[in-house]
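The next block holds one structure in the form of structure tokens; read it before the comments.
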Amino acid sequence: MTILEFNDKINTILCKGQGLKSILFDLESSKIISNMVPYSVFLENNFFLFEYIGSDDRSVVRGVCCVVVIRNVSVNLLFKEIKKPLYDEYIIIFTNKIGERVLEELADNDRFGVVKEVYEIYMDVFYQDVGMYTVMPVKYGGDCIERCVDGIYSFLVHLNVKPSIRVIEGRETVKIIGETLKRRFGGEEYKNGGELVIVDRGCDMITPLLYNWRYQGMIYEHLEYKDGLVQFKDKFISVFDDSFFIKNRFLDINSVGENIKRQVKEVEKNKKIKNNEDVCNLEEKSKIVEIAENHLLIYNYLAKECLENKELSELELNIIKNNKITIKEISNICNNKCVNFRKRIKILLIYLIKNDFDFLRNSYQDNLFSSKVVQMFPEFIQIIKRFGEKYIYGDCSDKNGIIKTKKYLPVFLNEYDVKLDYVPGFYTFLESVIKKNLKEKYFPYILKSTKEYKYTIIYFNGGLTYEEYRIFNEFCNKNTKLGNKMFLLCDKIIGYNDIFINII
């Protein structure tokens, strides 16, 4: 696995120190690095011991250089380590900017002179897929805004860019993020120009509620999938270096099924060792067999989910497509106790977002009874209210509770299957960004750069879906002749299960 954006930083970590080496992480830096560098690569570069800073079960190791890779929030653990060193020498690598005061305290605590070198490498984000990074760990208990700013800032400095900063109008959190970034940059100047556009999940709450029919999105919805690892029962499958996954992750589930059949046939054909050349390639062939078996397991599981969700998915999409789905049809589904409770809520929420302006306008208020549709489903009112407060109204500065970017609505292609026709409004938004026709009324500037844009960075606050990532990837591939390179950052990946965890 090669993360081109961070090759130089990865090499900095791998090449520091002489002879046998140990490496110390904190909980976040461990995940940052493991998402980008396989364990085997560390072994190839003379690292033999991997430990967490601050853990109690460590012992003295002499004659070994220790490379410490930590976030700036772990400096107190570092000071404690240096006061009572377990290694002869330390090379300290911070994943983000540190202040002069930290360096002074580090020097004060280094009574034995064991700290040999200190670096800032600006690698404070979590790789998820090509061109896409999250800025927060999966579980985070600290200040979310500060962590988001840390991640975005480190990524921008890594690119050596001080960008124009634009935020979607009407959301307080993204405005705070933008203004904090502006202060963080201060009067510093950087080589490259670029544009950072900060958008909010509230501008499209339909997409994360829908069933996804592409392979990567389905894996996320129906299995445990985070940081490149898929958990299937008690088995963990890494897909970062999985050739089949990389080729098929954006395909619909039927196409994936056909490709798995071909892969399995190819494996069966090559199972017999025919000559010495085959013996030499046995390890590679074993890996191909393992990949085929893994994806056959995953596919068979997802295929069962497809059968259960097909009709409901088509109903959801026809609601959005304005195919005259009546409130009576919605009522029949929502009152049918044989249908899973979450699935009934999901249908109702999609209908309300698409059709009921009273719901959108009043979802944050103490009562929702101005919406005639909501009155029909009293058992769901508290859940609908929580959904409205968290995702529709949220921290909206406009008391109507709606982000006014109506033109970034989803569209439908003219394909044979409505489940594959849906294109999120994110695609239209990306076109506006590239064509430089984002309206300042909807995306005001917090900071303006006078330099020519070399990079465009989109930060999606409130969670990004894998369907939107697929759209982003497709957009970049179609626009390879763009003068600037695009990256996608977000605070987290989101799907309908994540939403229900917060509202039920």
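The values are calculated or read from the model by the stated rules, or taken from the named source; none is laboratory data. Small disclaimer: the values here were computed from a predicted structure and weren't measured. Here the Cβ is made from the backbone with ideal geometry for all residues, glycine too, and neighbour counts use every protein chain on show.
Would you say residue 447 is free of Cβ contacts under 8 Å to residues at least 12 places away in the same chain and in contact with a strand residue (DSSP E or B) (Cβ under 7 Å, 6 or more places away or on another chain)?
Numbers: free of Cβ contacts under 8 Å to residues at least 12 places away in the same chain: no; in contact with a strand residue (DSSP E or B) (Cβ under 7 Å, 6 or more places away or on another chain): yes.
Answer is no for this residue.
Out of the residues in the range 371-400 meeting the condition of being closer than 16 Å to residue 199 by Cα and not charged (D, E, K, R), tell me which one is modelled with the highest pLDDT.
Only one residue fits best here, namely 391.
Quick one: would you say residue 78 is closer than 30 Å to residue 144 by Cα, assigned by TED's automatic domain parsing to the domain that holds residue 16 and more than 31 Å from the chain's Cα centre (by Cα)?
Details: closer than 30 Å to residue 144 by Cα: yes; assigned by TED's automatic domain parsing to the domain that holds residue 16: yes; more than 31 Å from the chain's Cα centre (by Cα): no.
It is false that residue 78 is closer than 30 Å to residue 144 by Cα, assigned by TED's automatic domain parsing to the domain that holds residue 16 and more than 31 Å from the chain's Cα centre (by Cα).
Please note which strands (runs of 3 or more DSSP E) are completely contained in the range 25-96 and include at least 2 residues that are under 16 Å from residue 119 (Cα atoms). Break it down stepwise before answering.
Working: elements: 47-52, 65-70, 89-94.
Filter on the range 25-96 gives 65-70, 89-94.
How about the range 138-157: which of its residues are of a type outside the set (D, E, K, R) and either touching a Cys at 6+ places or on another chain (Cβ under 6 Å) or surrounded by 18 or more Cβ atoms within 10 Å (Cβ to Cβ) (or both)?
The first filter runs over the range 138-157 and keeps only residues of a type outside the set (D, E, K, R), leaving 138, 140-142, 144-145, 148-149, 151-157.
Residues satisfying the conditions are 148, 149, 151, 152, 153, 154, 155, 156, 157.
From the list 165, 198, pick out the single residue that is assigned by TED's automatic domain parsing to the domain that holds residue 474, of a type in the set (A, V, I, L, M, F, W, C), closer than 24 Å to residue 98 by Cα and touching a Gly at 6+ places or on another chain (Cβ under 8 Å). Walk me through it before giving the result.
Numbers: 198 fails: closer than 24 Å to residue 98 by Cα.
Answer to the selection: 165.
Would the range 139-152 turn up any residue that is of a type in the set (A, V, I, L, M), in the same structural domain as residue 471 (by TED's automatic domain parsing) and within 18 Å of residue 10 (Cβ to Cβ)? So that I can check it myself, show each step before the final result.
Keep residues of the range 139-152 that are of a type in the set (A, V, I, L, M), which gives 145, 149, 152.
Among the residues that remain, those that are also in the same structural domain as residue 471 (by TED's automatic domain parsing) are: 145, 149, 152.
So of that shortlist, the ones also within 18 Å of residue 10 (Cβ to Cβ) come out as none.
Looking through the range 139-152, none of the residues is of a type in the set (A, V, I, L, M), in the same structural domain as residue 471 (by TED's automatic domain parsing) and within 18 Å of residue 10 (Cβ to Cβ).
Filter the range 170-188 down to residues that are in contact (Cβ under 8 Å) with a residue 60 or more places away in the chain and surrounded by fewer than 19 Cβ atoms within 10 Å (Cβ to Cβ) and give me whichever is farthest from residue 490 (Cα to Cα).
Let us first name the residues in the range 170-188 that are in contact (Cβ under 8 Å) with a residue 60 or more places away in the chain, namely 170-175, 177-179, 181-182, 185.
With surrounded by fewer than 19 Cβ atoms within 10 Å (Cβ to Cβ) added as a condition, the list becomes 172, 179, 182, 185.
Values: 172: 17, 179: 17, 182: 18, 185: 20 Å.
Looking at the filtered set, the residue picked out is 185.
Of the residues in the range 232-270, how many are polar (S, T, N, Q), exposed (fewer than 15 other Cβ atoms within 10 Å of the Cβ) and in contact (Cβ under 8 Å) with a residue 24 or more places away in the chain? Please lay out each step first, then the result.
The first filter runs over the range 232-270 and keeps only residues polar (S, T, N, Q), leaving 238, 243, 248, 254-255, 259, 263, 270.
Subsequent filtering for residues that are exposed (fewer than 15 other Cβ atoms within 10 Å of the Cβ) retains 238, 243, 254-255, 270.
Pick out the ones that are also in contact (Cβ under 8 Å) with a residue 24 or more places away in the chain and you get 243.
The qualifying residues number 1.
Output the residues belonging to the range 97-116 that are closer than 21 Å to residue 16 by Cβ and in contact (Cβ under 8 Å) with a residue 12 or more places away in the chain. Write out each step before concluding.
In the first step, residues of the range 97-116 are kept if they are closer than 21 Å to residue 16 by Cβ; the result is 97-98, 102-103, 106-107, 109-110, 112-116.
Those that are closer than 21 Å to residue 16 by Cβ and in contact (Cβ under 8 Å) with a residue 12 or more places away in the chain: 97, 98, 102, 103, 106, 109, 110, 112, 114, 115, 116.
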